[in-house]
Amino acid sequence: MTATEAEAPSLLEQDLCTGCAACCDGTIFTYVEVSRDEEQALGDRFAMQSRETDAIFFQPCPHSVCQSCQIYTIRPETCRKFRCKTLKALRADEIESAEAFRRVDEMLRAREQLQPFLIAGETLNAARERRGQIAASAERTASETAFVLKLTAFDLLLDRYFRDPRKAMFRHKPSGQEAA
Ligand code: SF4
Ligand code: SF4
């Protein structure tokens, strides 16, 4: 997750996000970027990993409880500024609120349907790593193939409705730029 834009959320936006939390619980992102200052200020609340100029903490966020941020007033700037694709579309009046809630419902249902394909206790990020290993192996079982297809369909849904196109897991190449 990276910061995109500021401005306080409206009540409608808060309603939508309270029923979702996909940008906090590891559904959409692997990690959240924080500044060096935030790393120091919030270091006792997260297991931070320092990078060259900033730091990250991994999702699922330990402070996302019952689809609510437990450190809302002191959450990192990246969290305060983030808006997913659907929230941006709602804010820009490109979609009605009913469509925004429908998208969140569709995502939650798809995530529920993915559960039987996961190993007990497996996070989505761990499942994505497992998908990579299965895809790279020469042979795979029918159940492994079903898992890869199910998780990939879910990630395509996230790309369509929630991830910024620049951060999409499966990016479209502009026509004429396909690899030979
Ligand atoms: S993914 Fe979008 S709708 Fe869901 S909580 Fe995050 S900003 Fe809100
Ligand atoms: S700090 Fe709060 S807003 Fe940020 S990822 Fe964690 S739960 Fe979400």
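The values are calculated or read from the model by the stated rules, or taken from the named source; none is laboratory data. Only a predicted model underlies this, so the values are computations on that prediction, with no experimental measurement involved. When we count neighbours, we look across all protein chains shown, and the Cβ atoms used for this are built from the backbone with ideal geometry, even at glycine.
Of all residues in the range 131-158, those being without any contact (Cβ under 8 Å) to a residue 12 or more places away in the chain, part of a helix (DSSP H, G or I) and surrounded by 13 or more Cβ atoms within 10 Å (Cβ to Cβ) number 1. Can we say Asp44 is at positive phi and either in a loop (DSSP other than H, G, I, E, B) or touching a residue at least 24 places away in the same chain (Cβ under 8 Å) (or both)? Against the criterion (at positive phi and either in a loop (DSSP other than H, G, I, E, B) or touching a residue at least 24 places away in the same chain (Cβ under 8 Å) (or both)), Asp44 does not qualify. Exactly one residue out of Ala8, Ala3 is at pLDDT below 95, part of a loop (DSSP other than H, G, I, E, B) and touching a helix residue (DSSP H, G or I) at 6+ places or on another chain (Cβ under 6 Å): that is Ala3.
Restricting attention to the range 26-73 and to residues that are more than 16 Å from ligand 1 (Cβ to nearest atom) and of a type in the set (Val, Ile, Thr), the residue that is farthest from Ala126 (Cα to Cα) turns out to be Thr73.
Is it the case, given these coordinates, that Asp93 is assigned to a loop (DSSP other than H, G, I, E, B), surrounded by fewer than 20 Cβ atoms within 10 Å (Cβ to Cβ) and not β-branched (Val, Ile, Thr)? So Asp93 fits the description; yes.
Which condition does Pro76 not pass, out of (1) modelled with pLDDT under 95; (2) touching an Asp or Glu at 6+ places or on another chain (Cβ under 9 Å), if it passes all the others? So Pro76 meets the others, but not (1). Restricting the range 61-90 to residues that are of a type in the set (A, V, I, L, M, F, W, C) and part of a helix (DSSP H, G or I) leaves a set whose member that is farthest from ligand 2 (Cβ to nearest atom) is Ala89.
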